[in-house]
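The values are calculated or read from the model by the stated rules, or taken from the named source; none is laboratory data. Note that this is a predicted model, so its numbers are computed, not measured. FYI the Cβ positions are ideal-geometry reconstructions off the backbone, even for glycines, and counts take in every protein chain you see.
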Ligand code: SF4
């Protein structure tokens, strides 16, 4: 594995600064997952390095970056429609540079479409090429051609030391690995984000230490398949290494795969207080037949075995999951197995998705695509059942008093409402003030809903 500190980044950034006189504003629009949020913070860091300052809206920007998501067709259409809206901005500001980044920028059919049908788009930048932003902007500013390429193989390794403009101080995303080797049959990720590559543990631990020293209270380790982390140490050892950092903070991680949950990891989660008592472990279907078609390399038996051990090791741990409804050939019997799985496994919450075919994945061309009305009807049954389970789980918090890390504040008539998450990842609302953002407050839970908790701050 090649770990690079790309010295050209500063050289190109200085060049851009000299071309635009250190002025200019940038605007980033982000779609999709936390990995994209984290990437956008790096894109913003690079834009600052090039002398741009942040604009509040695209109309004021000289550089617009759209960080896209390819996971579902809907997300792609939404991004394309937003990009289409920039046509009139380019008309009024011919100097405007519009770049498309993220997973869609690594799909050749999308790149072709952007090149041919969106003349106001200046370049595409695949996820593994983020560090090349200054080089590309420098090329365009100095009169170069529009640039449309999918991921280059110039840097097959990991670029360390990119500048990051973090949105929040109290909470941070830390990418620990990139890509995925699993090729679940419905998923586009391995095709657009490449094979798994893990950062060095010393770089990750150093980044986490710096964050904690800077006041960060909640660190989420990110990876498409975070628990497949494989470097000089295992994922469990990495968690232990981060937990040893002095300070009052929590460690979270996502997203995990059931094939990589060894007992060693479960033991560490059980033993380390700093690891949040929350595990997000996608199940996707309760039917072994469907799981096999999905290429999930897991079974219901294996999955429930993990949960059993996990709950024994860390009593009260919150478990959330992902479920796909209407995968090709899913029968009523298969779907019943999923409903049964929800009843037995009792997740705190699920993210559920109606299966939507992604061009280029094996599932998209499978026979037995389930008609949309059937998928929709199954989805409503699934949501009804899970809603009742989530409510029952959340009710266990009523009357309890736990710290909540405040993320946001909203003004209401006669006061304001703070929102944040407790250690179990539950969303909690309570009366507070804007100064509370970024602090931890003890909150007693008065009432539980299926998706959130409502409480009162304890003085
Ligand atoms: S584990 Fe499967 S669903 Fe998750 S990113 Fe990899 S291929 Fe996609």
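Can you go through 53, 122 and tell me which one is assigned by TED's automatic domain parsing to the domain that holds residue 37 and surrounded by fewer than 17 Cβ atoms within 10 Å (Cβ to Cβ)?
Details: 122 fails: surrounded by fewer than 17 Cβ atoms within 10 Å (Cβ to Cβ).
Going through 53, 122 in turn, just one is assigned by TED's automatic domain parsing to the domain that holds residue 37 and surrounded by fewer than 17 Cβ atoms within 10 Å (Cβ to Cβ): 53.
Tell me yes or no: at least one residue of segment 196-217 is within 13 Å of the ligand (Cβ to nearest atom), assigned by TED's automatic domain parsing to the domain that holds residue 349 and more than 27 Å from residue 312 (Cα to Cα). Lay out the reasoning, then the answer.
The first filter runs over segment 196-217 and keeps only residues within 13 Å of the ligand (Cβ to nearest atom), leaving 196.
If we keep only those that are assigned by TED's automatic domain parsing to the domain that holds residue 349 as well, we get 196.
With the extra rule that they be more than 27 Å from residue 312 (Cα to Cα), the set shrinks to 196.
Yes; the residues of segment 196-217 include at least one that is within 13 Å of the ligand (Cβ to nearest atom), assigned by TED's automatic domain parsing to the domain that holds residue 349 and more than 27 Å from residue 312 (Cα to Cα).
Could you tell me whether any residue of segment 428-446 is more than 27 Å from residue 215 (Cα to Cα), outside the structural domain of residue 219 (by TED's automatic domain parsing) and at pLDDT 95 or above?
First, the residues of segment 428-446 that are more than 27 Å from residue 215 (Cα to Cα): 446.
Okay, now just the ones that are also outside the structural domain of residue 219 (by TED's automatic domain parsing), so 446.
Keeping just the survivors that are at pLDDT 95 or above gives 446.
Yes, segment 428-446 has at least one match.
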Looking only at helices (runs of 4 or more DSSP H) that fall completely inside segment 250-340, which ones have 1 or more residues that are within 13 Å of the ligand (Cβ to nearest atom) and crowded, with 18+ Cβ neighbours inside 10 Å? 288-293
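Out of the helices (runs of 4 or more DSSP H) lying entirely within segment 1-88, which hold 2 or more residues that are under 17 Å from residue 162 (Cα atoms)?
On the way: elements: 8-20, 34-49, 73-84.
Qualifying helices (runs of 4 or more DSSP H): 8-20, 34-49.
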Determine if segment 367-387 includes at least one residue that is under 30 Å from residue 453 (Cβ atoms), without any contact (Cβ under 8 Å) to a residue 12 or more places away in the chain and out of contact with any helix residue (DSSP H, G or I) (no Cβ under 6 Å at 6 or more places or on another chain). yes
For a quick check of your reading of the model, give me the residue pairs whose first member lies in segment 263-286 and is farther than 27 Å from residue 187 by Cβ, whose second is modelled with pLDDT under 95 and buried (at least 22 other Cβ atoms within 10 Å of the Cβ), with beta-carbon atoms closer than 8 Å and at least 6 apart or on different chains. none
Could you list all residues from segment 222-238 that are buried (at least 23 other Cβ atoms within 10 Å of the Cβ) and away from the ligand (no atom under 14 Å from the Cβ)? 235, 238
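Being crowded, with 18+ Cβ neighbours inside 10 Å, away from the ligand (no atom under 16 Å from the Cβ) and within 30 Å of residue 245 (Cα to Cα) is the requirement here; does residue 138 meet it?
Numbers: crowded, with 18+ Cβ neighbours inside 10 Å: yes; away from the ligand (no atom under 16 Å from the Cβ): yes; within 30 Å of residue 245 (Cα to Cα): no.
Considered against the rule, which asks whether it is crowded, with 18+ Cβ neighbours inside 10 Å, away from the ligand (no atom under 16 Å from the Cβ) and within 30 Å of residue 245 (Cα to Cα), residue 138 comes out as no.
Of 202, 168, 207, which residue is modelled with pLDDT under 95 and at negative phi? Step through it out loud before you land on a result.
Working: 202 fails: modelled with pLDDT under 95; 207 fails: modelled with pLDDT under 95.
Testing whether each residue is modelled with pLDDT under 95 and at negative phi leaves just 168.
Within segment 177-197, does at least one residue satisfy the condition of being under 29 Å from residue 438 (Cβ atoms), surrounded by 16 or more Cβ atoms within 10 Å (Cβ to Cβ) and under 16 Å from the mean Cα position of the chain (by Cα)? Before you say what the answer is, go through the steps one by one.
Taking segment 177-197 first, the residues under 29 Å from residue 438 (Cβ atoms) are 177-178.
Still in the list and also surrounded by 16 or more Cβ atoms within 10 Å (Cβ to Cβ): 177-178.
From the residues that got through so far, the ones that are under 16 Å from the mean Cα position of the chain (by Cα) too are 177-178.
The answer is yes; a qualifying residue exists.
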Which members of segment 206-231 meet the condition of being over 24 Å from residue 421 (Cβ atoms) and touching a helix residue (DSSP H, G or I) at 6+ places or on another chain (Cβ under 6 Å)? 228, 231
Some residue of segment 107-116 being touching a residue at least 60 places away in the same chain (Cβ under 8 Å), part of a loop (DSSP other than H, G, I, E, B) and either under 21 Å from the mean Cα position of the chain (by Cα) or over 18 Å from residue 61 (Cα atoms) (or both): yes
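Conditions tested, residue by residue: (1) within 16 Å of the ligand (Cβ to nearest atom); (2) free of Cβ contacts under 8 Å to residues at least 60 places away in the same chain.
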position: 118; (1), (2): no, yes
position: 131; (1), (2): no, no
position: 165; (1), (2): no, no
position: 170; (1), (2): no, no
position: 177; (1), (2): yes, yes
position: 188; (1), (2): yes, no
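Does segment 158-172 contain any residue that is crowded, with 22+ Cβ neighbours inside 10 Å, part of a strand (DSSP E or B) and in contact with a strand residue (DSSP E or B) (Cβ under 7 Å, 6 or more places away or on another chain)? Walk me through it before giving the result.
Pass one, segment 158-172, residues crowded, with 22+ Cβ neighbours inside 10 Å: 172.
Applying the additional criterion that residues be part of a strand (DSSP E or B) yields 172.
From what's left, in contact with a strand residue (DSSP E or B) (Cβ under 7 Å, 6 or more places away or on another chain): 172.
Yes: segment 158-172 contains one or more residues that are crowded, with 22+ Cβ neighbours inside 10 Å, part of a strand (DSSP E or B) and in contact with a strand residue (DSSP E or B) (Cβ under 7 Å, 6 or more places away or on another chain).
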